[in-house]
């Protein structure tokens, strides 16, 4: 469970009246939505893997205190999470770990400083009560023939091996190149998927390919490259704020030395906008009962959110030497993506206890 005692630090913030109450109400609503989306129907003996591109974490104007609490709350509902777009400074990631608690740990890749790398890292955060690291970590290296330009991906795919219960698995996190060259995107995805399939033939673990794959169309050539691989590809639907881009994906091996040692129980994405920052379409926001409202949960209107944050954001920007937004209502949606992200987190639940099947081998 994420830690909340840090809220006591916000008691008398002169720049943010009622800061504690606002954050607490938002967290209660967020926990309500996370419970209904992920936790309520969770199977016993399962593993929940998340992946989230957290926009520019953390670069430029630092996020508000409350944003760290919301991000931590979401990640706490996964057992392990691959994070893309972690920037050079690791202090924000350490702060996030502090909010998650001492049973969480993380490690990161080096900074991608070459062309197209955008000074990004990739990270794995995991709950040590549920997952343990199997001491193997590295980057996927492709041969010159794998990509038309003969070079490595701008952001090297980052992998590590873990175990949860009986289940041995590796995660390979990627942030696929962006730009007009769709063929290059498709090549990167195809080459990484092929490399994982080859590894699966000789390694007794399931390989999971996940991350921001910059897939724009459900039926385009970039998505086709993933679907044509020998990986199982669940359908997560669009994961951008506009609801029309299939950026984030997960796929996993089902054949090889490990065989089919797991099965997909559930998968989905989580739309945090119904609980924090918004704005959420009223016809899509889950209903709150009168009891929910009495318990401190709420869904402020778009107008209330604009009013609540306007002066606070103006002051924060001023403290960082930036001018206020010229058109706050028009800028609000984009501002929220720098507080949370311009991507929705995705997750899948896998079976990790196959001891019955193992015992049947001896019958």
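Brief remarks on what is shown
- Some residue of segment 55-65 being outside any helix (DSSP H, G or I), at pLDDT 95 or above and under 16 Å from residue 346 (Cα atoms): yes
- Condition check for residue 285: under 30 Å from residue 84 (Cβ atoms), free of Cβ contacts under 8 Å to residues at least 60 places away in the same chain, surrounded by 15 or more Cβ atoms within 10 Å (Cβ to Cβ) and within 28 Å of the chain's Cα centre (by Cα): yes
- Which numbered condition residue 343 misses (of (1) in contact (Cβ under 8 Å) with a residue 60 or more places away in the chain; (2) over 18 Å from residue 32 (Cβ atoms); (3) loosely packed, with under 15 Cβ neighbours inside 10 Å): (3)
- Single residue of segment 90-132 satisfying the filter (in contact (Cβ under 8 Å) with a residue 60 or more places away in the chain and in a helix (DSSP H, G or I)) that is nearest to residue 49 (Cα to Cα): 100
- For segment 22-43, a tally of residues being more than 24 Å from residue 236 (Cβ to Cβ) and either surrounded by fewer than 18 Cβ atoms within 10 Å (Cβ to Cβ) or over 20 Å from the mean Cα position of the chain (by Cα) (or both) returns 5.
- Against the list (1) part of a loop (DSSP other than H, G, I, E, B); (2) surrounded by fewer than 17 Cβ atoms within 10 Å (Cβ to Cβ), the condition residue 135 fails is (1).
A quick yes/no check of all residues on (1) assigned to a helix (DSSP H, G or I); (2) under 20 Å from residue 277 (Cα atoms); (3) in contact with a helix residue (DSSP H, G or I) (Cβ under 7 Å, 6 or more places away or on another chain):
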residue: 1; (1), (2), (3): no, no, no
residue: 7; (1), (2), (3): yes, yes, yes
residue: 14; (1), (2), (3): no, no, no
residue: 29; (1), (2), (3): yes, yes, no
residue: 33; (1), (2), (3): yes, yes, yes
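The values are calculated or read from the model by the stated rules, or taken from the named source; none is laboratory data. Just so it is clear, the structure is predicted and the values come from calculations on it, not from any experiment. Every residue, glycine as well, gets a Cβ built from its backbone with ideal geometry; the counts of neighbours run over all protein chains shown.
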